[in-house]
Amino acid sequence: MTGYFLQAFIYLVAAVIAVPLAKRLGLGSVLGYLIAGVVIGPVIGLVGSETTTIQHFAEFGVVMMLFVVGLELEPKMLWGMRHRLLGLGGLQVVVTALTVMGIAHLFDIAWSYALAIGLIFSLSSTAIVLQTFSEKGLSKTEGGKSAFSVLLFQDIAVIPMLALIPLLAVPELVAKSQAVVAKAAEHHDDLSLVAGLPGWAYAIVIILAIAGVVVGGHYLSRPLFRFVASSGLREIFTATALMLVIGIAALMSLIGLSPALGTFLAGVVLANSEFRHELESNIEPFKGLLLGLFFITVGAGIDFNVLFDQFGTVVGLTIGVMLVKFIVLLVLSFIFKVKGSDRWLFALSLAQAGEFGFVLLSYTVQNNVLPESMSQTLSLVVALSMFLTPGLFILYDRVILPRFCEAKNEREADEIDEQGKVIIAGIGRFGQIVNRLLASNGVKTVVLDHSVTQIDNMRQINIKSFFGDATRHDLLHTAGIEDAKLFIVAIDDKERATELVHYIKQTYPQVRVLARAYDRGHHYSLRCAGADYVISETYRSALALGTEALKNLGVHPFRAEQQKATFVETEARSKEKLYHTWLESTEEDRFNTSYVELFNQLESTLSDVMKQERTDKHTKSERGWTPPPKVFNDEVEQDLVEKHDH
């Protein structure tokens with residue numbers, strides 16, 4: 001028992017140290033786990049041969065991951081992917097396997113060996129790719145969806161591969177290990193529901209098992225989860241979720257199917273369930289830990305003795321395999337019209353071999369298809385290619401993606417063929433609302449934005465906008481700045497926004513400039529540049545949410561509205577003092593000691609004011625918490641105020 005505790009402690013310490021460091025360096029968690037495994041395994045030798053056993057257990061993380069992925073996919077969405085799944089995924093597996101087989105055959109490797117190697121290297125790492133997509137938010141991109149289709153097809157393709165590999169057995173190897181195979185077969189038969197069945201019976205069992213998962217998941221899961229949820233015990237719900245996943249995985253193993261495929265199917269069936277998010281949140285921690293453990297064992301399992309003895313062969317094979325897969329994927333991306341940066345994401349993300357490669361390598365040795373020595377070398381190639389994959393994602397993030405972003409924005413500015421009395425610079429989340437309000441009131445606007453993607457998005461929803469840099473003087477002239485009444489600044493770049501305000505107020509002082517500020521410092525800069533009206537983008541929404549929070553904490557709605565109004569008034573009184581203190585500071589130290597002291601004094605005043613009971617009349621906004629009487633309107637209110645004043 002003590003030994004297990006020590007091993008678990010070593011694995012956890014390695015993960016706790018390496019993964020945060022890798023994340024901080026921008027390398028991703030997967031590379032952190034792999035490095036942790038290399039350090040505690042081959043480098044300092046804290047773990048050894050038991051990593052192979054642990055790896056088999058940790059592979060259950062992949063099973064859980066497929067279940068969670070299935071929960072995100074409704075059956076309708078999966079049906080919509082069928083062309084990409086079968087076309088792109090099928091072609092990738094077949095073309096890659098045949099290409100690798102052909103190259104291997106050129107080096108005088110027997111065709112049965114070559115075919116087995118081709119099948120093994122046609123698979124990519126579902127664990128690394130989907131985990132990285134999830135961390136980087138790439139799952140919803142075109143490249144991410146295409147890669148997912150290929151990975152899903154690969155996971156399905158493992159089943160016929162497992163059926164095909166025994167047919168490639170080499171007679172010489174069979175004779176050497178006949179006894180071992182017989183023993184293994186006996187052991188396998190004890191844990192199989194389909195051993196010894198004829199083909200037709202095997203097919204019926206598989207159909208019944210899959211139908212059981214689908215029908216049971218659809219009709220029985222809801223009553224079960226409601227029953228468990230009624231107990232109010234979270235740990236029992238977690239146990240139920242684990243029971244579901246482990247049970248389906250065991251059933252699939254007993255009938256000779258992939259556990260990952262079975263749990264994926266169960267996830268898809270439960271995708272429409274109201275318990276989907278609860279299931280996902282319960283499975284997620286186990287999935288993350290087991291996947292991390294799997295990556296650590298991959299790193300720890302690298303045999304540096306074999307690597308050093310065959311360094312040139314292993315490195316050459318690794319680079320060769322990744323290059324072949326990359327080229328095949330790139331060609332397919334052209335055929336299936338995956339464009340731009342998505343094409344590179346798709347080709348780079350799947351260029352490695354995968355965890356199922358370890359399973360198939362072990363299976364090929366057991367079935368006398370590949371010799372043990374060749375299997376060891378190929379295992380290193382699989383592990384090394386997985387180790388290099390985070391580097392490909394870094395290449396994509398830091399080299400390829402920025403170039404596409406720049407290229408997109410380097411296109412010629414649109415020809416502006418209309419003018420309006422309001423020009424809006426920036427049509428992001430803030431500018432869109434402003435434009436919609438004005439347009440719905442019949443105000444003619446001219447919208448400019450420097451992001452091609454943003455412009456294309458606007459055009460898809462029939463909002464006319466022009467690509468171009470609003471800080472370009474000729475573009476402003478074409479947009480009719482001389483005759484405009486208002487210029488609204490809502491661009492993302494703080495410095496460019498300030499410069500733009502300064503230029504317009506200096507050149508076209510008749511145009512009123514209304515600007516959006518990110519924060520207090522930007523607010524002051526815009527005001528200093530001459531903006532006629534500045535609003536912080538989150539100020540109003542934060543006030544509304546804060547007021548709602550007071551109400552939810554039991555403060556009477558009327559009192560909450562009063563407190564909000566008091567807050568706004570106190571802020572307004574202090575605004576000028578803070579602004580002038582900021583103006584008197586230097587460029588290098590805008591929020592200096594004087595500013596901070598004044599701010600703290602005003603915060604103290606604000607706290608005191610909030611404690612006071614107001615006895616004055618309330619305003620219209622403070623009464624907004626309750627509907628006014630039917631006969632009440634603005635004119636009536638004005639009369640009441642005037643009477644009160646008199």
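Okay, here's what the table says:
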quantity	calculated
Count of segment 540-556 residues which are within 30 Å of THR498 (Cα to Cα) and either among the aliphatic types (A, V, I, L, M) or open to solvent by 60 Å² or more (accessible area, probe 1.4 Å) (or both)	6
Only one of LEU261, LEU270 that is at pLDDT below 80, closer than 30 Å to ALA203 by Cβ and either part of a helix (DSSP H, G or I) or open to solvent by 40 Å² or more (accessible area, probe 1.4 Å) (or both)	LEU261
Subset tally (residues that are open to solvent by 20 Å² or more (accessible area, probe 1.4 Å) and assigned to a loop (DSSP other than H, G, I, E, B)) for segment 492-539	11
PHE334 being farther than 30 Å from LYS23 by Cβ, modelled with pLDDT of 85 or more and out of contact with any Pro (no Cβ under 6 Å at 6 or more places or on another chain)	yes
Residues satisfying the stated conditions in segment 347-372, i.e. among the small types (Gly, Ala, Ser) and at pLDDT below 85	GLY354, GLY357, SER362
Criterion (crowded, with 21+ Cβ neighbours inside 10 Å, over 29 Å from ILE400 (Cβ atoms) and either among the small types (Gly, Ala, Ser) or touching a strand residue (DSSP E or B) at 6+ places or on another chain (Cβ under 9 Å) (or both)) met by exactly one of GLY292, GLY301	GLY301
Hey, SER134 open to solvent by 10 Å² or more (accessible area, probe 1.4 Å), out of contact with any strand residue (DSSP E or B) (no Cβ under 7 Å at 6 or more places or on another chain) and on the phi < 0 side of the Ramachandran plot or not	yes
Count of residues meeting criterion [modelled with pLDDT of 80 or more and open to solvent by less than 50 Å² (accessible area, probe 1.4 Å)] in segment 386-416	9
Qualifying residue in segment 103-115 (condition: assigned by the TED database to the domain that holds SER373, within 29 Å of the chain's Cα centre (by Cα) and open to solvent by 10 Å² or more (accessible area, probe 1.4 Å))	no
Any chance MET77 is surrounded by fewer than 13 Cβ atoms within 10 Å (Cβ to Cβ), part of a helix (DSSP H, G or I) and in the same structural domain as SER124 (by the TED database)	yes
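The values are calculated or read from the model by the stated rules, or taken from the named source; none is laboratory data. In this text the structure is predicted, and so the values were computed from the model without any measurement. Here Cβ is always computed from backbone atoms with ideal geometry, including for glycine, and neighbour counts include all displayed protein chains. Just so you know, the surface numbers come from the protein's heavy atoms only, side chains and all, with ligands and any DNA or RNA stripped out. Shrake-Rupley method; radii C 1.70, N 1.55, O 1.52, S 1.80 Å.
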